[in-house]
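Report on the structure given below.
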Amino acid sequence: MSDVVRIAAALSDPSRVRLLWACFGGERCVCQLVELLGLSNATVSKHLSLLRDAGLLVSRKEGRWVHYRLPPEPSEAAREATEWVRRHGAEVWGDDRERMDRIVS
């Protein structure tokens, strides 16, 4: 599957766009993202794996916790898609910014 198809598939779900937006603010633990979306750990983990497989996020494990962030050196397609979401995804992000600020505080 091409990068473009993986990226398009990853961004086809509002929850995944919200997860990507949440990571614009820095590295996030899965537990924080579960709290933000109010979905099960398994559902959020599946969404995150699709974003990671598309090259939009990278992960690292620390003990039993997994953390996600934007990749330091994304592919050109991933960089362009991320910038597009940053510019045009505000309506999906909605009230999540304030909620995420409370979660990480």
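The values are calculated or read from the model by the stated rules, or taken from the named source; none is laboratory data. Predicted, not measured: the structure shown is a model, and the values here were computed from it. Cβ placement follows ideal geometry from the backbone for every residue including glycine, while neighbour counts extend to all protein chains displayed. Ligands, DNA and RNA are stripped out before the accessible areas are found, and what is left, the full protein with its side chains, is counted by its heavy atoms. Shrake-Rupley method; radii C 1.70, N 1.55, O 1.52, S 1.80 Å.
With the requirement that a residue be in contact with an Asp or Glu (Cβ under 7 Å, 6 or more places away or on another chain), closer than 20 Å to Asp13 by Cβ and not in a strand (DSSP E or B), what does region 59-77 give you? Selection gives Ala77 alone. Under the condition of being in contact (Cβ under 8 Å) with a residue 24 or more places away in the chain and either of a type in the set (Val, Ile, Thr) or open to solvent by 40 Å² or more (accessible area, probe 1.4 Å) (or both), the residues counted in region 44-56 number 3.
Taking first residues from region 57-84 that are under 11 Å from Cys29 (Cβ atoms) and aromatic (Phe, Trp, Tyr) and partners that are assigned to a helix (DSSP H, G or I) and open to solvent by 40 Å² or more (accessible area, probe 1.4 Å), the Cβ contacts under 8 Å between residues at least 6 apart in sequence or on separate chains come to Trp65/Cys31; Tyr68/Arg52.
In this structure, does Leu56 turn out to be in a helix (DSSP H, G or I), modelled with pLDDT of 95 or more and either among the polar types (S, T, N, Q) or touching a helix residue (DSSP H, G or I) at 6+ places or on another chain (Cβ under 6 Å) (or both)? For Leu56, the condition - in a helix (DSSP H, G or I), modelled with pLDDT of 95 or more and either among the polar types (S, T, N, Q) or touching a helix residue (DSSP H, G or I) at 6+ places or on another chain (Cβ under 6 Å) (or both) - is not met. Only residues that are closer than 11 Å to Ala77 by Cβ and aromatic (Phe, Trp, Tyr) were counted across region 1-33, and they come to 0. Does any residue of region 66-80 turn out to be on the phi < 0 side of the Ramachandran plot, among the aromatic types (Phe, Trp, Tyr) and surrounded by fewer than 19 Cβ atoms within 10 Å (Cβ to Cβ)? Scanning region 66-80 turns up no residue that is on the phi < 0 side of the Ramachandran plot, among the aromatic types (Phe, Trp, Tyr) and surrounded by fewer than 19 Cβ atoms within 10 Å (Cβ to Cβ). When restricted to residues that are free of Cβ contacts under 8 Å to residues at least 40 places away in the same chain and under 22 Å from Glu91 (Cα atoms), region 20-42 contains 5. Kindly indicate whether Gly89 is out of contact with any Pro (no Cβ under 7 Å at 6 or more places or on another chain), among the small types (Gly, Ala, Ser) and surrounded by fewer than 11 Cβ atoms within 10 Å (Cβ to Cβ). So Gly89 fails the test.
Taking the criterion of being more than 17 Å from Leu70 (Cα to Cα) and assigned to a loop (DSSP other than H, G, I, E, B), the residues of region 2-32 that qualify are Ser2, Ser12, Asp13.
For region 16-43, a residue qualifies if it is open to solvent by 60 Å² or more (accessible area, probe 1.4 Å) and on the phi > 0 side of the Ramachandran plot, and exactly one does: Gly38.
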